[in-house]
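The values are calculated or read from the model by the stated rules, or taken from the named source; none is laboratory data. What you see is a predicted model; the values in this text were computed from it and never measured. Cβ coordinates were reconstructed from backbone atoms using ideal geometry, including for glycine residues, and neighbour counts include every protein chain displayed.
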Amino acid sequence: MRIAEIYASLQGEGLLAGTPSVFVRTSGCNLRCIWCDTPFTSWQPEGSDWPVAAVVDRVLALGGRHVVVTGGEPLITAATTDLCIRLRAAGWHVTIETAGTVLPARAAPAVADLMSISPKLASSAPPASTPGGWRERHEATRRRDDVLLGLLEAPAQLKFVIDTPADFTAAAHWIADLRAAGGTFADRRVFMMPQGRDPDALDRTGTWLEAACRDSGFQFAPRHHIAWYGNTRGT
C-alpha cells in the first residue's frame, strides 16, 4: 500500500478529539476537493509502497492503543482492510477516516471500531477548468448513499466540512435523506467542521457555525490540530 506518512499525535476532530493516536496516512484519492488540506495525498500524491506487515510493525513501534487510518482515501486499496483487521487483532482501536464513496473489502463492523465518514458537499468540487476532467469525476463520485449506509453499519460519526450557511443546509438535507433510507445515527454523532487551513479562517466560519449547531442539535467540531500545530504535516 502507498503510504504518505506514519506518525504519532493527538486526534484533532470528532468523538475522539484529544486522544493520543498513531496516524497512518495513505496516498491516493478518488476525489479532488478544492479545499483539500492534504494535497500531497490527492492532487499531487506522494509516498512509497509499504508491505502491510511493515505498516503494522511501525504502528506497534510507535506505541499506544488508538490508530487512525486516513488519507487521501484509504479505502481505495484493499490492503487497508487487511491492515485494519491485523491492527484490531493486535488490540488496537481502529478509526478509518473516509469520504464515504468506497466500501472496505469486508463488512464495515469487521474492519473499524469507528468509521469516521466525511461526505463531500457540492461546494467541494474543483473548478470546471481543472485538467483531467476532475470536476466531472468528482461530482460523479462524491455522493454514494448506498456506500454510506454500508459504512454506517459500523460504529460511526459523520463529519461535514462547512464553508457557508448553504453548506450547512445541504448537510442537514443529506442527513435527512440518509435517515429516510434507513441510516441510524444520533445527532451527537453528526459533526459540522468549519472549512479553513489556519486559525483565523476557522474562527471566521466557526463563529456562526457554532451557533447554528447549538440551534440544530448537531455537534460543532473545532479542528483542534490546526490550532495546536497549524496546517503542517506529521501532526
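Which of the following residues is over 30 Å from Gly196 (Cβ atoms) and of a type in the set (A, V, I, L, M, F, W, C): Trp92, Trp35?
Numbers: Trp35 fails: over 30 Å from Gly196 (Cβ atoms).
So the residue among Trp92, Trp35 that is over 30 Å from Gly196 (Cβ atoms) and of a type in the set (A, V, I, L, M, F, W, C) is Trp92.
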Any residue in region 81-91 that is more than 23 Å from Pro222 (Cβ to Cβ) and not in a helix (DSSP H, G or I)?
yes
What pairs can you find where one residue is in region 76-89 and at pLDDT 95 or above, the other is buried (at least 17 other Cβ atoms within 10 Å of the Cβ) and of a type in the set (D, E, K, R), and their Cβ atoms are less than 8 Å apart, with a gap of 6+ or different chains?
Thr77/Arg2; Arg88/Asp113
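Tally the residues that are of a type in the set (Gly, Ala, Ser) and surrounded by 23 or more Cβ atoms within 10 Å (Cβ to Cβ), restricting the search to region 109-122. It would help to see each step written out before you state the result.
Pass one, region 109-122, residues of a type in the set (Gly, Ala, Ser): 110, 112, 116, 118, 122.
In the following step, the residues that additionally are surrounded by 23 or more Cβ atoms within 10 Å (Cβ to Cβ) were identified as 112, 116.
Residues that pass the stated criteria total 2.
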Candidate set: region 208-235, residues that are part of a loop (DSSP other than H, G, I, E, B) and surrounded by 14 or more Cβ atoms within 10 Å (Cβ to Cβ); chosen: the one modelled with the lowest pLDDT:
Thr235
